[in-house]
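Take a look at the structure below.
The values are calculated or read from the model by the stated rules, or taken from the named source; none is laboratory data. Keep in mind it's a predicted model, so treat the numbers as computed, not measured. Here the Cβ is made from the backbone with ideal geometry for all residues, glycine too, and neighbour counts use every protein chain on show. With ligands, DNA and RNA removed, areas are computed over all heavy atoms of the protein, side chains included. Shrake-Rupley method; radii C 1.70, N 1.55, O 1.52, S 1.80 Å.
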Amino acid sequence: SKLAALFAHPLYNIPVPEVMEKDKLFVVNPMEKFSLSHSGSDEWVSSSKAETLLPTGKTAYDTYPAWLKFHVGINRYELYPRQDPLMPTILQDLATQRIVSSVQKSGGTQLKLIMTFPNYGQALFKPMKQTRDQETPRDFFYFSDFERHNAEIAAFHLDRVLDFRRIPPVSGRLVNITKEIRDITTDKKLAKTFFISPAGNVCFYGECSYYCSTEHALCGKPDQLEGSMAALLPDKTLAKRRSWRSPWRRSYHKSKKAEWELNPNYCAQVRKTPPYDRGHRLLDLIDMTVLDFLMGNMDRHHYETFEKFGNDTFLLHLDNGRGFGRHSHDEMSILAPLQQCCSIKKSTYLRLQLLATQPYLLSDILREALAADPLTPILAEPHLQALDRRLGKVLDVVARCLAG
């Protein structure tokens, strides 16, 4: 396995700093069993009077479901550990756990559902909108593009292969629209949008600001629908997140340009602006830029961090559905932060160089990682080939910076 060899490589075994209590997102009393209470936000609450005695030889932590262990493991330095023994279980749960509730997630331009499992774990379901081999039309603006379920799955694995580990776990899943959405939803607005198409397929469209209408309905075959299931982060009432506007955000206008597109010295002013004026925030943003360029995602207008850790922590790479739209085009403007600032983490640069060598070729590694997903193949072959080509372009930019 090339993937196993990659994760065994010294560059993937650089130790993270020691995690102190203050660096953990949650401080958990090891004696306390967690009981799952059905509250408004489906969060877990600790129960000091544990309802059942723990089985002998088991700690309270052993009784937690995998999603809760994932939440408890989040710290200042990483969303999940490099050699995470939980990961296969989390991905398996996302793909197979029984769905007991499906409701539409509010906000956003496109339809997404929040699905709940019997153990109170929750996942964000993004339904399939286009086939693997459809490319985004060249005349489409990036902000009117579809969100792709397979891009969410591929982004999680790519982020992990790059050793960023800043995207929550995602698995593909085939969902039965009738049994796992229509028959169990308590969402009245969503329930009103189901219908049977002329072809005899079960369809629905939900409510949202763009693609929620009969013309953009999601239809099963006859009621089977592919989608991505992403593990939800801890409820915001338990772990506040801060949203940051990206300094290299696009204008989201059909003809206006953003300041960074007009000012070649734009990075100099970003470097003077908090939080980019100290610490590793700018370098973390450039990591995110590399990820976005490799998958062709132009839609990174914001990113988030956990409030508890202040400015000294990793960025969350959420919402990756607009990646992997066009394999035939490399959007160099995505690399603007790297080109303008001429800065990159040494560890990131060394890993990118490694992924450009034959034993660890990025396309081969990602192909292997994606092969384990229930909906494999996740990416059409030209998208995998594009990764190697784009990686070469990232390394060229860094080489020019080093030479300059």
Problem set entry | Given (1) open to solvent by less than 20 Å² (accessible area, probe 1.4 Å); (2) touching a residue at least 40 places away in the same chain (Cβ under 8 Å); (3) polar (S, T, N, Q), number of the condition S363 does not satisfy | (2)
Problem set entry | Pairs, first within 14 Å of L124 (Cα to Cα) in the stretch 81-109, second assigned to a loop (DSSP other than H, G, I, E, B) and of a type in the set (D, E, K, R), C-beta under 6 Å, six or more apart | V103/D187; Q104/D187; K105/K112
Exercise. Looking at L294, is it under 21 Å from L162 (Cβ atoms) and touching a Gly at 6+ places or on another chain (Cβ under 9 Å)?
Worked result: yes
Seminar exercise, completed: Among M115, M87, the single one that is on the phi < 0 side of the Ramachandran plot and within 16 Å of the chain's Cα centre (by Cα) is M87
For this session: Kindly list the number of the only condition in (1) at pLDDT 95 or above; (2) in a loop (DSSP other than H, G, I, E, B) that fails for A154.
Result: (2)
Exercise. Is there any pair linking a residue in the stretch 229-250 that is farther than 30 Å from P65 by Cβ to one that is in a strand (DSSP E or B), with Cβ under 8 Å and at least six apart or on different chains, and which?
Worked result: W244/H302; W244/Y303; W244/E304; W244/T305; R245/H302; S246/H302; S246/Y303; R249/H302
For this session: Among the numbered conditions (1) aliphatic (A, V, I, L, M); (2) under 20 Å from the mean Cα position of the chain (by Cα); (3) surrounded by fewer than 20 Cβ atoms within 10 Å (Cβ to Cβ), tell me where L387 comes up short.
Result: (3)
Exercise. Could you list, in sequence order, the residues of the stretch 307-318 that are in contact (Cβ under 8 Å) with a residue 60 or more places away in the chain and either open to solvent by 10 Å² or more (accessible area, probe 1.4 Å) or under 15 Å from the mean Cα position of the chain (by Cα) (or both)?
Worked result: E307, K308, D312, F314, L315, L316, H317, L318
For this session: Those residues that are open to solvent by 30 Å² or more (accessible area, probe 1.4 Å), under 25 Å from T214 (Cβ atoms) and either part of a loop (DSSP other than H, G, I, E, B) or among the β-branched types (V, I, T) (or both), I need them from the stretch 93-124; list them, please.
Result: V103, K105, S106, G107, G108, T109, I114
